[in-house]
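Below you'll find the structure, written out as structure tokens, and then a few comments.
The values are calculated or read from the model by the stated rules, or taken from the named source; none is laboratory data. For clarity, every value in this text was computed on a predicted model and none was experimentally measured. Every residue, glycine among them, receives a Cβ derived from its backbone with ideal geometry; neighbour counts consider all protein chains shown. These accessible areas exclude ligands, DNA and RNA; they are computed on the full protein's heavy atoms, side chains included. Shrake-Rupley method; radii C 1.70, N 1.55, O 1.52, S 1.80 Å.
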Amino acid sequence: QEVEGQRRLGAAVAQSLVSQSGSANMIRPGTSLTKQKQKRTVVPKFAPGKKTESLKPDLHDFLNACDYVGAVTLLEFEKKTREQRPHLLMWLAYSYFHNGDYKKAVDAYDEALKTEKDLHIHAYKACCFYALTEYSEAEEAAKLAPDSSLKTRILFHTAHKRNDESAMMSHHQALMDTREDQLCLAAIQYLRSHFQEATDIYKRLLVEDREHWALNVYIALCYYKLDYYDVALEILQTYLTNFPHSITAVNLRACSHYQLYNGKAAEAELKVLQQASNSGNIFQDHDLLLHNLVVFRNGENAVQILPPLLDIIPEARLNLVIYHLRTGEEMEAYNLIKDIEPTVPREYILKGVVFAALGQKTGSQEHLKLAQQLFQLVGASASECDTIPGRQCMASCFFLLRQFEDVLVYLKSIKPYFTNDDDFNWNHGIACAAAGDYKEAKEALLQVQNEDYRSEFIYLSWLCRCYMMNNQPALAWETYALMETSNEAFNLLHLIANDCYKMGHFYYACKAFDVLERLDPDPEFWEGKRGAAIGVFQRVLANKDSVDKLQEVVALLHSTQHPQVDKVIRVIQKWAKDNRVQID
């Protein structure tokens, strides 16, 4: 029998990917595709003791409160009324940038260049282009700016986006030991998945300034990426004590609960944001939260919400791939991921899963080979070889190579972590059966609870084989009897007939060959039925089977129109007469 149908190869499909901090493209948590930037009505301040004279709100009050909508509203009003504020356009561009209106910020900086003589504006424009993921434009704008630490940091990041290692090395050497430059370096380490190196930088900066609260969020992010979710929660609490309604921090706490517990627990953590929100639905106003809510709810509304976010939140594409895999839409998943060049283990794993699923469905050996190579690349890497996903990858690699003894080496090493996991029990059961350990295989397959899995032909055929190899042919026959008439039922009957014959369960082999012969008058089925009937007779002679079974076998032989039937029956009846056994 062909070994096929491994369920969810690798590790990625078992759990969706939440976005912890927004996008690597710097789209901020406060931005949304559907959110319209609302202008705020500026409430005037009244001078003490006066009824009619009011004081205009102070810009720095808005900025100190991070109220950039208020700042934009005030500055746009001043611009419209042509009030004289020093560097008004610069302040307006600054407020636009921090409010996520990057294109408006670029326009304001362009306008400011006509009146201001500060060439550093080109560097500020570069920051806007970078936030818009327009990295070439960002680099060109930065090169127009005078040399500065900000220019170096921008060029360092654009070189990273272009994968230009030599340029990165050059800009790296130009960094100084200032807080901003070290934060820039830590960010690059984080983006390159060097989380421990990033953590070391953040911790050093935190020692120098204990009240730089945001560093706690950065450290928590690193520990989250290192799979230390409980440690991430502990460190995050320091920041949340001071800023309980921070979207980034609350979202990270929710993501950690998702990894430690489940989606319901994660969603509960987001309620604090909804309760503190002035808008009707905070999730609709923040793409990051809207994306993660899909994950927490196990893919609910994925098709409606995720496609518009594909170029904003990197995990959106991967989660949509996972959604299509779960719904059996392998080609849609393939189309989404085929052009992605993996950079981190989860992307390699997910691409391998898609190739394996598509290869198994279409019979494409090319895709199965690519999947095997991707799994091997992750599982054999120094950073992943001793992780649970790494060992799952090696198991999947050997599964596709049909080296089942090696599969079991890896699966057994992580078995305690997947006690009630249907996908793991499926794969473990099939691997054990393919390796000849039918007792362990039966136990694993019977632990699968998903009714859709339990109704699949691959599952039923392997379970029946385990029954027969464990001397329980009656259970295999019962499994067949519960199936509706179909090609799959015919194939299962064929398996039962041959395996029962091989194992000496001749009574059930004879019954199976009898049904096969009725469905298809193939001479081989008669030969199998004849051999099984003689096998039952032999077991009765050895007192290993009852005469009742022999009586039933004789009845089955009578249903066949073949010249050898009478000869076989005469031999049985002669023995019955000599031994005073009633055989009709």
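Considering the range 328-337, the residues that are in contact (Cβ under 8 Å) with a residue 12 or more places away in the chain and either open to solvent by 40 Å² or more (accessible area, probe 1.4 Å) or of a type in the set (V, I, T) (or both) include one that is farthest from V378 (Cα to Cα), namely M331. Residue pairs whose Cβ atoms lie under 8 Å apart, separated by 6 or more positions or on different chains, with the first residue in the range 216-244 and more than 16 Å from Y261 (Cβ to Cβ) and modelled with pLDDT of 95 or more and the second open to solvent by 60 Å² or more (accessible area, probe 1.4 Å) and of a type in the set (S, T, N, Q), are C222/Q196.
Hey, can you tell me all the residues within the range 423-464 that are open to solvent by 30 Å² or more (accessible area, probe 1.4 Å), assigned to a helix (DSSP H, G or I) and in contact with a helix residue (DSSP H, G or I) (Cβ under 7 Å, 6 or more places away or on another chain)?
Residues satisfying the conditions are A434, Y438, E440, K442, F457.
Could you tell me whether any residue of the range 145-155 is open to solvent by 50 Å² or more (accessible area, probe 1.4 Å) and β-branched (V, I, T)? For the range 145-155, residues open to solvent by 50 Å² or more (accessible area, probe 1.4 Å) and β-branched (V, I, T): absent. Residues of the range 95-126 that are assigned to a helix (DSSP H, G or I) and surrounded by fewer than 20 Cβ atoms within 10 Å (Cβ to Cβ): H98, K103, K104, D107, D110, E111, L113, K114, T115, H122.
As a summary of the residue check, N163 satisfies the conditions (1) at pLDDT below 95; (2) in a helix (DSSP H, G or I); (3) not aliphatic (A, V, I, L, M) except for the one numbered (2).
Within the range 88-104, is even one residue over 23 Å from D285 (Cα atoms) and small (G, A, S)? If you could, list the steps in order and put the result at the bottom.
So the first thing to find is which residues in the range 88-104 are over 23 Å from D285 (Cα atoms), and the list is 88-91.
Among the residues that remain, those that are also small (G, A, S) are: none.
For the range 88-104, residues over 23 Å from D285 (Cα atoms) and small (G, A, S): absent.
Within the range 547-584, the residues that satisfy the criterion of being in a helix (DSSP H, G or I), basic (K, R) and loosely packed, with under 15 Cβ neighbours inside 10 Å are K567, R570, K574, K577.
With respect to the conditions (1) outside any helix (DSSP H, G or I); (2) over 30 Å from T387 (Cα atoms), D227 falls short on a single one, namely (2). I'd like the full set of residues that are over 19 Å from H428 (Cβ atoms), in contact (Cβ under 8 Å) with a residue 24 or more places away in the chain and either open to solvent by 40 Å² or more (accessible area, probe 1.4 Å) or part of a loop (DSSP other than H, G, I, E, B) (or both), limited to the range 374-410. Those that are over 19 Å from H428 (Cβ atoms), in contact (Cβ under 8 Å) with a residue 24 or more places away in the chain and either open to solvent by 40 Å² or more (accessible area, probe 1.4 Å) or part of a loop (DSSP other than H, G, I, E, B) (or both): L377, S381, S383, E384. Among the candidates A474, A497, the residue that is in contact with a helix residue (DSSP H, G or I) (Cβ under 6 Å, 6 or more places away or on another chain) and of a type outside the set (D, E, K, R) is uniquely A497. Scanning the range 413-426 for residues that are touching a residue at least 12 places away in the same chain (Cβ under 8 Å) and either among the polar types (S, T, N, Q) or closer than 20 Å to C385 by Cβ (or both) yields a count of 7. When E234, E211 are screened for being surrounded by fewer than 15 Cβ atoms within 10 Å (Cβ to Cβ) and assigned to a helix (DSSP H, G or I), only E234 passes. The condition of being within 22 Å of D578 (Cβ to Cβ) and open to solvent by less than 60 Å² (accessible area, probe 1.4 Å) holds for only one of A512, A489, A533, that being A533.
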